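Heads up, the thing below is written out as structure tokens.
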Amino acid sequence: MSIEVQNISKSFGRFKALRDVSLRVDSGELVALLGPSGSGKTTLLRIIAGLDAPDPGPNARVLLSDEDVADRSAGSRRVGFVFQHYALFRHMTVFENIAFGMRVRPRAERPDKAAIREKVTQLLRLIQLENLGSRYPSQLSGGQRQRVALARALAIEPRVLLLDEPFGALDARVRQDLRKWLRRLHEEIHVTSVFVTHDQEEALELANRVVVMNEGRIEQIGTPDEVFHQPTTEFVMKFLGNVNLFHGRVESGKAVFGPWRIQASGGASKEGAPARLFVRPHDLDILRESDGSPVAPAVVRRIQSAGPHVKVELEMQTGETLLVELTHERHKILQPEVGEQVLVSLRNVRIFTEDYAI
Amino acid sequence: MSDLHLKGPEELNQDTGAHLHKEVKRVWRKGAERLVLDLAATRCMDSPGGAWLLKISDFLRKHHARLECQGDRGDVSDFLRLLAPALTSSPPLPRKRTGIFENLGGVLIAAATELRQFMELSVDAIYWTLIAPFEGKGFRFNAFVDEVHEMGVRAIKIVCLMNFLMGLIIAMLSAKQVESFGLQIYVANLIVIGFARELASVVTAIVVSARTGAAIAAELATMTVQEEIDALRGMGLNVSQYLITPKLLALIVSLPCLAVLGLISGVLGGGVWGVLVLGFRPSVWYTQTMEAAYMDDLTQGMLKTLFFAVAIVMIGCHNGLRVTGGSRGVGLMTTRAVVMDIFSLICIDIVFAVVFYYILG
């Protein structure tokens with residue numbers, strides 16, 4: 001069951017939430033819509049579900065299984081939707097919540113009572129809450145509620161599962177567990193799923209493909225590896241983790257940033273065009289003595305060694321601050337001290353000149 | 001022409017900066033476009049001095065003028081370069097003023113849009129309540145019974161009490177007025193006619209709109225905020241059919257019943273005053289009351305309650321579904337629903353008064 005949207009725009013008053021967005025999700029995929037708040041990701045999800053209508057346009061189409069569903073109501077699309085704040089029905093027990101979608105179907109399509117009971121029991125087992133069927137939502141923890149919401153969405157045997165910031169309201173620890181659980185669940189049932197998140201870690205860990213959105217547009221679509229290691233725009237680079245930024249210029253085909261001259265491999269940019277260099281903190285290294293590679297001097301300002309990496313803050317001669325992440329082994333060998341003069345070298349960089357990425 | 005000139009101090013710091021600021025204000029005259037500050041004599045400046053420059057520049061910008069520094073050198077120039085982005089940012093735009101017609105038009109458009117949404121919702125709800133069940137599209141009988149219990153049965157006590165007290169008060173006040181004519185026995189007529197035609201239905205409807213109208217708005221608003229409405233729609237349910245229909249039908253059934261109970265309580269309240277205070281024998285008061293009571297008055301009074309019921313439920317639902325902005329919005333919409341409810345009750349009442357007692361009567 002594939003999902004496809006073509007040339008979708010949506011505005012709320014003067015605010016343009018989506019600008020001409022097209023996207024295809026293949027059957028069985030788990031896709032993340034990643035972006036800051038206000039980037040239009042939730043709006044896109046709601047349009048796919050049929051909860052909102054896109055602005056009318058000649059080419060605007062929403063296809064489920066290659067079938068235009070523009071004039072079909074949310075209910076008839078057979079879409080399972082999981083909301084950020086669970087949206088469980090408070091006056092119903094967990095069991096009734098999950099059974100609800102089946103019980104309200106027209107009589108002709110409604111499964112009989114025994115079938116509903118069996119299906120709910122099976123779903124309760126799937127979400128590992130077998131004994132809590134008679135509880136009310138208010139008696140459950142946040143993580144449990146979200147799993148019930150997921151079961152409720154799955155009960156109608158949706159062709160597509162849509163999740164709107166499913167773990168947004170949960171604490172970090174529970175989020176970790178649920179992420180793993182959702183990943184396994186998807187491997188088990190393989191329903192085409194799209195989830196919205198503003199947490200890049202979540203997107204990179206869970207999804208087969210990540211769609212990075214900004215200001216109503218899609219910035220990049222790719223596997224987690226692609227968007228992390230080969231971002232095509234500055235926004236994607238900045239949004240997916242910490243970066244250090246250097247300003248420089250293009251000189252005779254090379255981008256020049258202080259002591260570093262970097263071969264612009266993708267084709268020459270205009271001479272003198274401004275260029276920006278992005279370096280992830282773990283792609284910088286600290287040296288005591290030059291090893292022949294171009295280095296820049298800097299002073300150590302702060303060291304934070306708690307956590308998986310040692311974070312070192314450096315101040316360059318130009319006054320700019322740099323963030324460097326060292327492994328604990330490297331830190332042990334170097335033993336830098338605050339106030340010490342060191343050298344910085346580059347390993348892996350991305351350059352964005354005025355018009356395109358190199 | 002419209003330039004002002006000032007000389008900078010030898011050393012621009014906290015004190016001289018403040019002084020300069022005062023000086024600028026003193027020499028300022030309306031219509032000037034530029035203040036030229038001659039810094040040729042200034043040897044050095046510090047951060048407080050810079051801050052005063054910003055303050056001067058802000059002052060000028062407010063009056064749509066700019067600050068220009070001349071003749072600066074050495075360290076002062078370096079410092080000014082740091083300040084430059086703040087000093088040279090564009091003057092603020094004059095505030096946009098909207099005219100009376102623009103405001104009026106905005107209000108009218110907003111009102112018309114809301115009225116359209118309200119009518120759409122009402123038509124949808126009335127279809128699902130009055131027509132769809134006969135087309136075999138299903139009706140939630142259990143929910144209907146629950147709502148009748150909640151809206152009708154549980155409101156009996158308060159409705160009766162309010163009407164009883166109203167009857168008592170009206171008897172008390174009107175008896176005083178007719179005392180000098182010796183017409184106190186006609187207070188019985190007044191009470192029964194007044195309650196049958198007007199008071200029983202209106203007082204009951206106001207109590208119910210405060211009780212049930214607010215509850216409906218709050219319930220739907222909470223469901224909207226917590227995305228439950230979206231969840232229902234996502235499962236293919238029609239919100240009108242699932243949520244509004246049982247409420248609408250329940251109040252259409254309950255409100256006339258409550259109004260009849262209200263009528264009885266009101267008449268009883270008047271009777272209590274008549275018998276206990278005015279000193280009539282119960283049988284006299286009873287006979288007088290029954291002679292004045294006409295079925296027509298009661299029918300007209302009760303007919304109104306059907307319209308009241310639709311108004312209370314639809315306004316509650318409309319406001320509940322319109323909510324934006326979290327739990328704060330829920331409170332706002334609930335208040336709004338009650339205010340609109342009572343306003344619309346009075347409007348419906350006026351229409352009925354005009355039609356029945358002015359045109360037809």
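The values are calculated or read from the model by the stated rules, or taken from the named source; none is laboratory data. On a predicted model such as this, the values are computed, not experimentally measured, just so you know. Note that we place each Cβ from the backbone using ideal geometry, even for glycine, and neighbour counts take in every protein chain shown. Note: areas computed on protein heavy atoms with side chains; ligands, DNA, RNA excluded. Shrake-Rupley method; radii C 1.70, N 1.55, O 1.52, S 1.80 Å.
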- Extent of chain B along each principal axis, from alpha carbon coordinates, in Å, largest to smallest? 108, 65, 36
- Note on the structure: Looking at region B:215-236, residues buried by 30 Å² or more relative to their chain on its own, accessible surface at probe 1.4 Å, turn out to be B:Gln226, B:Glu227, B:Glu228, B:Asp230, B:Ala231, B:Arg233, B:Gly234, B:Met235
- Accessible area of chain B belonging to carbon and sulfur atoms, whole % at 1.4 Å probe: 66 percent
- Note on the structure: With every protein chain in place, the residues of region A:86-108 shedding 50 Å² or more of accessible area versus the chain by itself (probe 1.4 Å) are A:Phe89, A:Arg90, A:Phe100
- Item | DSSP bridge orientation in the protein assembly as shown - percent antiparallel, rounded to nearest 5 | 65 percent
- Checking rank on A:121-127, B:185-191, A:148-154, A:273-279, with mean other Cβ inside 10 Å and highest first, the result is A:148-154, B:185-191, A:273-279, A:121-127
- The size of the Cβ-based charge dipole (Lys, Arg +1; Asp, Glu -1) of region B:138-359 about the Cα centre, to the nearest 20 debye, is 220 debye
- Within the set A:Lys16/A:Lys41; A:Lys41/A:Lys119; B:Lys157/B:Lys247; B:Lys25/B:Lys62; A:Lys238/A:Lys332, which residue pairs have Cα atoms separated by over 24 Å? A:Lys41/A:Lys119; A:Lys238/A:Lys332
- Note on the structure: Most packed first (mean Cβ within 10 Å per residue), the peptides A:86-99, B:56-69 order as A:86-99, B:56-69
- Say each of B:His64 and B:Ile264 gets a label point 7 Å from the Cα, pointing the same way as Cα to Cβ; how far apart are those two points in nm? 7.5 nm
- What 222 nm value per residue comes from the helices of chain B, counting each DSSP H run with n ≥ 4 as -39,500 (n - 2.57) and dividing by all residues, nearest 500 deg cm²/dmol? -22000 deg cm²/dmol
- Query: At the nearest 100 Å², what buried accessible area, both sides summed, do you get for A and B when the probe is 1.4 Å?
  - Reply: 1400 Å²
- Using the alpha carbon gyration tensor of the protein assembly as shown, what are the three equivalent-ellipsoid semi-axes (square root of 5 times each eigenvalue), largest first, in whole Å? 67, 42, 23
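So which DSSP H runs in chain B come out at 30 Å plus along the axis (Cα) with average Kyte-Doolittle of at least 0.5? List each step's numbers first, then the result.
Working: long enough: B:100-126 (38 Å, 0.89); B:156-178 (33 Å, 1.75); B:245-276 (46 Å, 1.80); B:295-321 (39 Å, 0.97); B:326-353 (40 Å, 1.35).
Correct list, ordered by number: B:100-126, B:156-178, B:245-276, B:295-321, B:326-353.
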- Ignoring ligands, DNA and RNA, what accessible area per residue does chain A give at 1.4 Å, in Å²? 48 Å²
- Note on the structure: A:Val295 neighbourhood, Cβ < 10 Å, K/R = +1, D/E = -1, net charge -3
- With the full set of protein chains in place, find how many percent of the accessible area of region A:3-239 is carbon and sulfur; take the probe as 1.4 Å. 45 percent
